[in-house]
Amino acid sequence: MRDARIDRRLFLRGVGGATAGLAAATALSACGTGTSRTPSGSAKGGGKTVVVRDSGGSYGAALQKAIYTPFTQETGIGVKVLNLDDAPLLAQIKQGRPQCDLINNSMMSHFKYVKQDALEALDPDRLKSLKSAKIPENQITEHAVGHSFYGQCIAYRTDAFDGRKPESWADFWDTKAFQGGRAMVSPDGDLPELEFALLADGVPMDKLYPLDVDRAFKVLTRLRSDIKKFWDSGPLPGVLLSREEVTMSTVWDGRIADLQKQGVPVERQLNGMRRQFSGYAIAKGAANVDGAYQLMDFALRAEVQAALAKAFPSNPSSPVAYAKLTEDQRNALAGAPKYYDEGFDTDIDWWLKNESAVTKRWLEWARG
């Protein structure tokens, strides 16, 4: 099963594959419950089972433990998990036969779904947790609600720099003071890391967007010869650091704890961390809209977000959730109040408009 964030390559490289809907539909019977799910005429049907799309793997196991099982115990409503990629799911929705009710996906993917009229408009009055959990307003949209984020930051070997610690992206670019190879993400793993180049060049975090693409690529070019690998999956930065093929890498913040447990001498630097949120949305034409609302409302509770954070290195969107963790648990998360102001939120609107062009230019730059 895939780790949730390994699916970033699927989330962020677009969902235009839905245009191949009929072709994708041939694979549907292998992806879920077949054609037996039929929505009620008003798409408001209830039921004793709600089907949720998520990514499985260790993340899926944590969701089962922290959310799905307690939800069933409280409500009597069963939860069926569907591991399904964007293109076939969109094909189902286009055909009016979505196999899932609730979609757990990146907020960026939800925006792309909206452009294809694939999500139900949400009724905030049916989500009581929005207020009790104090979900930030910028994570509440007409069609989706952000429940957590992951941060992209610096990982470095603590034995590489004679006790010195990199403090910024400028240090990541400084291969004289902080010698050794570097690793950065490829578009197969996540969005190109233009923001980090601009931060290294002195652009303030609150002035990043709209990104100066030309300037960013000039800064990336300064580091190009020192980039030993472009990673495309979550485990790879850890492998490169463990083998000492690089001394610093960009990384998804949740991967650091795993490396440290393995005895790898690594630490994270959260200054200039890029945050990307995941969220819940309801599939257009879902068979069990009521169940989807109930599960979403349950999952957004502050205490439930805290429970998930204990089971998986997930950073809750609810600020109330952090108060429900011990100090050690809280400070292990990139979303802890003490770290939050060190990072910035990805401008989804900018990336939706520019991702294709930037990715094309990145591929040409990497080959050059």
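What number comes out for accessible area per residue over region 260-368 if the probe is 1.4 Å? Units Å², please.
Numbers: 4530 Å² over 109 residues.
That works out to 42 Å² for each residue.
What's the FRET efficiency of residue 244 with residue 342 using the Cβ-Cβ distance as r and R₀ = 25 Å, to the nearest 0.05?
Numbers: r = 27 Å, r/R0 = 1.09.
FRET efficiency, residue 244 to residue 342: 0.40.
How many Å² of accessible area per residue for region 169-254, probe 1.4 Å? Spell out each step's value before the answer.
On the way: 3290 Å² over 86 residues.
With all protein chains present, region 169-254 gives 38 Å² per residue.
In whole angstrom, note down how far apart the Cα centers of region 269-292 and region 217-240 are.
28
For region 146-255, just the Cα atoms, rotate onto the principal axes and tell me the three extents in Å, largest first.
Cα spread of region 146-255 along its principal axes, largest to smallest: 37, 35, 22 Å.
Beta carbons within 10 angstrom, averaged per residue: use that to sort the peptides 125-135, 266-276, 229-239, 204-214, highest first.
Those peptides, ordered most packed to least, come out 266-276, 229-239, 125-135, 204-214.
Could you look at the chain and say what percent of its accessible area is carbon and sulfur, using a 1.4 Å probe and all protein chains?
In the chain, the share of accessible area belonging to carbon and sulfur is 49 percent.
Arrange the peptides 156-167, 246-257 so that the one whose residues have, on average, the most other Cβ atoms within 10 Å appears first.
In decreasing order of mean packing, 156-167, 246-257 become 246-257, 156-167.
R0 = 56 Å: FRET efficiency of residue 48 with residue 222, Cβ-based, nearest 0.05? Each step should come with its number before you reach the end.
Numbers: r = 59 Å, r/R0 = 1.05.
E between residue 48 and residue 222, to the nearest 0.05, is 0.40.
Enter the angle in degrees (range 0 to 90, nearest 10) between the Cα long axis of helix 302-311 and the first principal axis of the Cα atoms of the chain, meaning the one along which they spread out most.
It works out to around 60 degrees.
The values are calculated or read from the model by the stated rules, or taken from the named source; none is laboratory data. Predicted model, so just to flag it, every value in this text is computed and none were measured. Counting neighbours? That spans all protein chains shown, and the Cβs are built from the backbone with ideal geometry, glycine included. SASA here: full protein model, heavy atoms, side chains in, ligands and nucleic acids out. Shrake-Rupley method; radii C 1.70, N 1.55, O 1.52, S 1.80 Å.
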